[in-house]
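Below you'll find the structure, written out as structure tokens, and then a few comments.
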Ligand SMILES: Nc1nc2c(ncn2[C@@H]2O[C@H](COP(=O)(O)OP(=O)(O)OP(=O)(O)O)[C@@H](O)[C@H]2O)c(=O)[nH]1
Ligand SMILES: [Mg+2]
């Protein structure tokens with residue numbers, strides 16, 4: 001069983017990518033279990049096989065504890081961690097090839113708090129796992145937006161301790177040359193540096209340079225896979241990269 005966790009800022013396209021990746025994998029004759037660990041979601045664009053909402057009632061948590069929407073989400077995930085063994089048991093019983101886990105968009109849960117990483121490690125056990133980190137095209141299209149998204153991604157990466165693949169989501173809203181430029185920022189730091197130079201000044205430019213140096217020092221340059229869940233494009237490349245991480249290049253199901 002291979003676990004794929006989908007993380008990214010609120011509205012970056014995690015749930016729709018979960019749905020479209022499931023469709024793509026099933027059409028490729030692979031079996032998939034879809035897991036929802038967003039207690040607050042109302043109608044996700046897929047039918048979940050395993051769902052945290054079976055264990056925690058977000059609306060009740062909000063009412064009973066007098067919490068607002070964000071506080072209730074934090075409390076609900078905390079409570080959900082108490083049921084992680086049952087959730088994992090359901091996943092194991094499904095005996096599928098891939099497990100897609102759609103995570104909540106409140107990044108604080110994963111980047112700073114313990115409950116996100118605890119949920120992730122409890123669900124995956126010792127099974128091979130990776131995370132897909134979604135960079136929303138709306139944010140990543142500017143050099144500063146891209147850089148700040150990468151920092152958040154780094155924060156999640158050190159909390160999860162899993163191989164992480166960057167996904168540029170919603171590419172259908174960009175032009176072809178814009179997509180290429182963003183993908184190149186990921187693999188060639190000097191191109192991002194040039195773009196930051198041109199689009200920022202003063203203190204922001206200085207900070208950006210320091211952050212880039214840090215990213216360069218820790219070897220945080222990376223592959224970025226451009227994907228549109230709306231147009232169903234980029235999935236061959238995405239699957240290839242997933243395979244590469246899980247197997248070092250061989251098709252794990254051939
Ligand atoms: N144009 C376009 N819109 C997309 C794409 N993927 C998602 N969206 C839209 O972006 C919005 C948010 O998508 P979701 O899949 O719900 O995003 P999410 O990351 O799960 O959101 P939260 O769970 O609330 O954090 C919806 O209106 C989607 O239809 C895409 O590939 N292209
Ligand atoms: Mg969602």
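If you look at just the Cα atoms of the chain, how large are its Rg and its Dmax in Å?
18.4, 57
Mind pulling the angle between the C-alpha long axis of helix 14-27 and the longest principal axis of the chain? Nearest 10 degrees, somewhere in 0 to 90.
Once rounded, the angle reads 80 degrees.
Could you list the residues of region 180-197 with an amide nitrogen less than 20 Å from a label point located 7 Å from the Cα of residue 142 in the Cα-to-C-beta direction?
Under 20 Å, as judged by backbone N against the label point of residue 142, lie 180-186, 191-197 of region 180-197.
In what sequence do 170, 141 fall when counting other Cβ within 10 Å, fewest first? Kindly include the intermediate steps, with their values, before the conclusion.
Working: 170 26, 141 19.
Listed from fewest to most nearby Cβ atoms, that is 141, 170.
Using the 2.2 N^0.38 Å rule of thumb for compact globular proteins, work out how region 80-192 stacks up: its C-alpha Rg over that value, please. List each step's numbers first, then the result.
On the way: Rg = 16.2 Å, N = 113, 2.2 N^0.38 = 13.3 Å.
After normalising by residue count via 2.2 N^0.38 Å, the value is 1.22.
Give me the extension gain from residue 127 to residue 206: residue separation times 0.36 nm, minus the current Cα-Cα distance, reported in nm with one decimal.
Values: separation 79, 0.36 × 79 = 28.44 nm, distance 4.21 nm.
Value of the extension gain: 24.2 nm.
Would you compute, from DSSP H runs of 4+ residues alone, the mean residue ellipticity of the chain at 222 nm, taking -39500 (n - 2.57) per run and dividing by the full residue count, rounded to the nearest 500?
-16000 deg cm²/dmol
What's the extension gain from residue 236 to residue 26 if we count 0.36 nm per residue and subtract their Cα-Cα distance? Can you show the working numbers first?
Values: separation 210, 0.36 × 210 = 75.60 nm, distance 1.34 nm.
So the chain would gain 74.3 nm between residue 236 and residue 26.
Report, in degrees rounded to the nearest 10, the 0 to 90 angle that the Cα long axis of helix 235-247 makes with the longest principal axis of the chain.
On a 0 to 90 degree scale, this one is about 80.
Give me the one-decimal nm value for the distance between modelled label points at residue 223 and residue 83, 7 Å along each residue's Cα-to-Cβ direction.
3.6
For a label point 7 angstrom out from the Cα of residue 93 toward its Cβ, which stretches of region 38-60 have the backbone nitrogen within less than 15 Å?
Those under the cut-off are 49-52, 54-55.
Report, in degrees rounded to the nearest 10, the 0 to 90 angle that the Cα long axis of helix 176-187 makes with the longest principal axis of the chain.
90
How far is it, in nm, from the label point at residue 54 to the one at residue 155 when both lie 7 Å from their Cα along the line to the Cβ?
Placing both labels 7 Å beyond Cα along the Cβ direction yields 3.3 nm.
Fewest Cβ neighbours within 10 Å first, please rank 215, 162 accordingly.
On the way: 215 18, 162 21.
By the 10 Å Cβ count, ascending: 215, 162.
Highest mean first, what order results for 86-99, 67-80, 123-136 on Cβ atoms within 10 Å? Don't skip to the answer; put the middle values down first.
Numbers: 86-99: 16.4, 67-80: 18.1, 123-136: 20.7.
In descending order of packing, they fall as 123-136, 67-80, 86-99.
Mind ranking 7-18, 29-40 by how tightly packed they are, going by the mean number of other C-beta atoms within 10 angstrom, highest first? Numbers along the way, then the final one.
Numbers: 7-18: 22.7, 29-40: 20.3.
Top to bottom by mean Cβ count within 10 Å: 7-18, 29-40.
Taken together, the values in this text are just the output of simple stated rules run on the coordinates, not laboratory data. Being a predicted model, the structure only gives us computed values, none of them experimental. Methodologically, a virtual Cβ is constructed for each residue, glycine included, from the backbone with ideal geometry; neighbour enumeration extends over all protein chains shown.
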